[in-house]
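> My questions will all concern the structure given below.
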Amino acid sequence: MPGIRWRRTRKMTEAERKPPQKTARAYLHLENIYKSYGKKVVLDDIDLQVSEGEFITLVGPSGCGKSTLLRLILGQERPTAGAISIDGLSVGLPNPDRGIVYQKYPLFPHLTVLENIMLGPRLSQNMLSLLKRKRAIRDEAMAHLDMVKLAEHGDKFPHQLSGGMQQRVAIAQALIMKPKILLMDEPFGALDPGTREHLQVFLLELWEKRHMTVFLVTHDLEEAIYLGTRILVLSQFYCDGRGKNSERGSKIVFDEALERRATSTKAKGSEHARNLVQRIRREGFDPMYLQHITEFNLRHRDSFQTLTEEEKKR
Amino acid sequence: MIPLKTGNFVPLFKKGHAVTERPNDRLANLKECLSLFAEFSPKTKVFLVLLPFIILVGVYLAASDMRFRENKDDKFLPWPTKMAEATYKIAFTEDKRTGRYLMLDDTIASLRRIGIGMSLSAGSSVVAGIVVGLFPLFRLINIGLLTFLTIIPPLAILPIFFMVFGVDELVKIMLIFVGTFPWITRDIAHATEKIPKEQIVKSLTLGASRLQVARKIVFPQIMPILMNTTRLSLGSAWLLLIAAEGIAATSGLGYRIFLMSRYLNTEIIIPYVLWITFLGFVVDWTLKKFIGWNYAWYKVEEDT
């Protein structure tokens with residue numbers, strides 16, 4: 001298996017199944033998160049703990065609430081119940097702690113590429129220091145533009161760039177704020193396959209270079225397995241002790257580490273990757289295959305689950 | 001080599017695939033002209049645009065000529081030379097009583113009122129519109145009120161305006177302001193709401209405060225829309241101005257028109273109407289060009 005090797009999966013021992021103690025290393029921490037819109041429960045008791053420097057990818061069937069979970073972490077929406085904290089601080093409204101890259105509307109149309117990148121540092125300065133730091137901000141923005149290999153396009157407007165280039169600018173725009181965590185909502189979803197692959201490699205290189213913590217939502221399983229160091233599957237297809245007809249939202253049903261050795265895209269076609277895709281399809285995406293809540297594949301060392309007695313019932 | 005035969009026949013329209021063989025088939029010609037996908041040559045296009053004007057002028061001249069034959073002193077439909085004379089007199093010779101150029105004075109007076117009125121309404125409605133569009137609280141408070149205000153016909157409350165603001169400059173400016181402000185505000189609020197939520201959230205993650213979101217993200221993107229809405233409101237501004245000037249004023253294009261109408265003096269009225277049309281056209285064209293030139297990204301946004 002050239003290029004990539006996955007963490008060897010082993011049988012979980014009983015001890016590992018038990019919710020682990022919260023470790024001090026937890027960087028992003030979600031506990032007992034519920035989100036419902038009116039009567040419709042979308043997220044149903046999400047527990048998640050993420051270490052610093054991790055590249056999390058989140059997949060799930062459509063309508064499972066992937067983007068909702070991302071919006072909760074972003075602070076754009078508030079959970080109906082539960083607590084989210086980043087680096088020990090509880091999450092409020094969107095702020096520079098969390099960077100965001102969307103699929104659509106990646107840039108501000110009325111600003112040039114360079115102005116788009118400079119926007120963050122400029123907004124956080126007052127008038128006086130803005131004058132003082134003018135040169136420094138420009139240089140920093142140029143460096144970031146260079147980092148995404150678009151140095152010669154600084155004076156163009158977003159509409160003059162291709163979709164892939166716009167997305168690269170959007171990444172630079174978010175990274176210049178040095179966010180504690182970079183959130184990405186299907187960032188490459190609207191791109192053609194060639195550009196998408198190119199940007200995936202690019203993002204991985206960037207992640208390795210800058211030791212970022214990334215939380216990426218995608219509907220593309222191959223992409224999720226290729227990019228992540230840890231894959232989460234959010235799904236509404238499971239069963240528990242709450243009775244057949246009870247209204248239930250999505251839970252994390254799959255949580256496994258992915259070990260990466262190289263960034264070659266060849267790894268996408270490897271047999272191991274294919275097997276993993278098949279397993280995730282079955283356990284997370286198949287409405288007919290209902291795993292019991294106590295049998296989820298939550299092998300990752302950071303994974304934990306808080307269940308009520310009722311839920312645990314068979 | 002295949003000899004190509006080129007015919008002399010130039011059809012009224014670019015030939016479609018259906019009628020290439022029988023160019024003289026008039027019925028097919030007509031059918032093609034009325035097609036939903038009819039295409040015309042550039043010359044024909046210009047002709048078609050000018051056609052209604054040609055007819056209009058023709059009908060006017062014929063009617064004018066007819067009346068002149070019946071009555072040599074007819075003033076109602078004057079011949080163009082008479083209009084030109086009258087226009088020259090009012091535009092380029094000093095008025096005997098005041099020693100001023102009346103048409104110039106009228107134009108300045110009207111443009112001043114419209115300029116001040118529109119600046120006031122555009123300036124205040126951009127602030128109001130952004131606030132209403134951006135904050136759910138103010139949207140809820142104002143959305144019903146704004147709809148209510150836009151439905152009131154401003155001319156209906158003109159008498160009240162004369163009572164409150166007197167009969168001088170202020171009442172005209174206020175009328176233009178009140179007549180255009182709710183419309184522009186509503187448009188700006190809509191445009192603000194249409195700015196993707198993602199952009200607002202993103203600017204917050206880039207460290208923007210609420211004020212900065214309004215000033216640095218929303219306002220610049222609203223500017224071309226404001227100009228466009230203002231451009232479109234100028235029509236109703238002229239309407240209100242001329243109505244107000246017709247009722248109570250001592251100068252202005254509308255004042256002159258209403259004054260002249262008392263003497264059935266159409267040789268002044270018609271040139272004045274054309275002049276107002278021309279002024280409106282120039283302002284409209286300038287604003288349009290300015291938007292295209294200054295906000296290159298806006299046009300593109302609209303197209304996509």
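The values are calculated or read from the model by the stated rules, or taken from the named source; none is laboratory data. In this text the structure is predicted, and so the values were computed from the model without any measurement. Positions of Cβ are backbone-derived with ideal geometry, glycine not excepted, and every protein chain shown enters the neighbour counts. Surface areas here come from the heavy atoms of the whole protein model, side chains and all, with no ligands, DNA or RNA. Shrake-Rupley method; radii C 1.70, N 1.55, O 1.52, S 1.80 Å.
> Please name all residue pairs, on different chains or six or more residues apart, with Cβ atoms under 6 Å, provided the first residue is in region B:197-208 and is under 16 Å from A:ARG122 (Cα atoms) and within 7 Å of chain A (Cβ to nearest Cβ) and the second residue is open to solvent by 10 Å² or more (accessible area, probe 1.4 Å) and hydroxyl-bearing (Ser, Thr, Tyr).
As it stands, the answer is B:GLY207/A:SER124, since those pairs meet every condition given.
> Condition first: hydrophobic (A, V, I, L, M, F, W, C), touching a residue at least 24 places away in the same chain (Cβ under 8 Å) and under 16 Å from A:ILE171 (Cα atoms). Can you find one or more residues in region A:49-65 that meet it?
Checked region A:49-65: at least one residue is hydrophobic (A, V, I, L, M, F, W, C), touching a residue at least 24 places away in the same chain (Cβ under 8 Å) and under 16 Å from A:ILE171 (Cα atoms).
> Could I ask something else about it? For region A:273-311, give me the residue count where each residue is out of contact with any Asp or Glu (no Cβ under 7 Å at 6 or more places or on another chain), open to solvent by 80 Å² or more (accessible area, probe 1.4 Å) and assigned to a loop (DSSP other than H, G, I, E, B).
Matching residues across region A:273-311 total 3.
> Going through region A:99-121 one residue at a time, which ones are closer than 15 Å to B:ARG215 by Cβ and crowded, with 20+ Cβ neighbours inside 10 Å?
A:PHE108, A:HIS110, A:LEU111, A:LEU119, listed by residue number.
> Going through region A:73-96 one residue at a time, which ones are at the interface with another protein chain (Cβ under 8 Å from one of its Cβ atoms) and open to solvent by 20 Å² or more (accessible area, probe 1.4 Å)?
A:GLN76, A:LEU93, A:ASN95, A:PRO96
> Please give the number of the condition A:TYR105 fails out of (1) at positive phi; (2) within 13 Å of chain B (Cβ to nearest Cβ); (3) more than 23 Å from the chain's Cα centre (by Cα).
It fails just one condition, (3).
> Looking at region A:52-62, which of its residues are closer than 18 Å to A:ARG301 by Cβ, open to solvent by less than 10 Å² (accessible area, probe 1.4 Å) and not aliphatic (A, V, I, L, M)?
Selection gives A:PHE55, A:THR57.
> Say we look at region A:122-132 and pick out the residues that are open to solvent by 20 Å² or more (accessible area, probe 1.4 Å) and touching a helix residue (DSSP H, G or I) at 6+ places or on another chain (Cβ under 7 Å); which of these is farthest from the other protein chains (Cβ to nearest Cβ)?
Per the criteria, the residue is A:LEU130.
> For region B:206-246, what are the residues that are more than 21 Å from B:ARG186 (Cα to Cα) and small (Gly, Ala, Ser)?
B:GLY207, B:ALA208, B:SER209, B:ALA243, B:ALA244, B:GLY246
> Considering only region B:226-243, I want to know if a residue exists there that is more than 25 Å from B:GLY144 (Cβ to Cβ) and within 14 Å of chain A (Cβ to nearest Cβ).
yes
> Further question: Taking region A:62-72 on its own, how many of its residues are within 14 Å of another protein chain (Cβ to nearest Cβ) and part of a loop (DSSP other than H, G, I, E, B)?
0
> Identify the single condition in (1) within 24 Å of B:GLN221 (Cβ to Cβ); (2) aliphatic (A, V, I, L, M); (3) more than 21 Å from the chain's Cα centre (by Cα) that B:LEU170 does not satisfy, given that it satisfies every other one.
The number of the failed condition is (1).
> Something else now. From the list A:PHE254, A:PHE215, exactly one residue is at pLDDT below 90 and either surrounded by 21 or more Cβ atoms within 10 Å (Cβ to Cβ) or within 22 Å of A:SER36 (Cβ to Cβ) (or both). Which is it?
A:PHE254
> I would also like to ask the following. When region A:191-211 is examined, which residues are found to be in contact with a helix residue (DSSP H, G or I) (Cβ under 6 Å, 6 or more places away or on another chain) and outside any helix (DSSP H, G or I)?
Within region A:191-211, A:LEU191 is the sole residue that qualifies.
> What do you reckon, is B:VAL213 in contact with a strand residue (DSSP E or B) (Cβ under 7 Å, 6 or more places away or on another chain) and either open to solvent by less than 40 Å² (accessible area, probe 1.4 Å) or facing chain A (nearest Cβ under 7 Å) (or both)?
no
> Would a scan of region A:140-153 turn up a residue that is within 14 Å of chain B (Cβ to nearest Cβ), in a helix (DSSP H, G or I) and farther than 20 Å from B:LEU206 by Cα?
no
> Turning to a different aspect of this structure: Just one of the numbered conditions (1) within 14 Å of another protein chain (Cβ to nearest Cβ); (2) open to solvent by 40 Å² or more (accessible area, probe 1.4 Å) is not true of B:ARG186; which one?
Tallying (1) within 14 Å of another protein chain (Cβ to nearest Cβ); (2) open to solvent by 40 Å² or more (accessible area, probe 1.4 Å), B:ARG186 fails exactly one: (1).
> How many of the residues making up region A:212-243 are on the phi < 0 side of the Ramachandran plot and part of a loop (DSSP other than H, G, I, E, B)?
Residues meeting the conditions: 12.
> Hey, which of the helices (runs of 4 or more DSSP H) in region B:252-304, taking only ones fully inside, have at least 1 residues that are open to solvent by less than 50 Å² (accessible area, probe 1.4 Å), within 14 Å of another protein chain (Cβ to nearest Cβ) and in contact with a His (Cβ under 9 Å, 6 or more places away or on another chain)?
By residue number, B:296-303.
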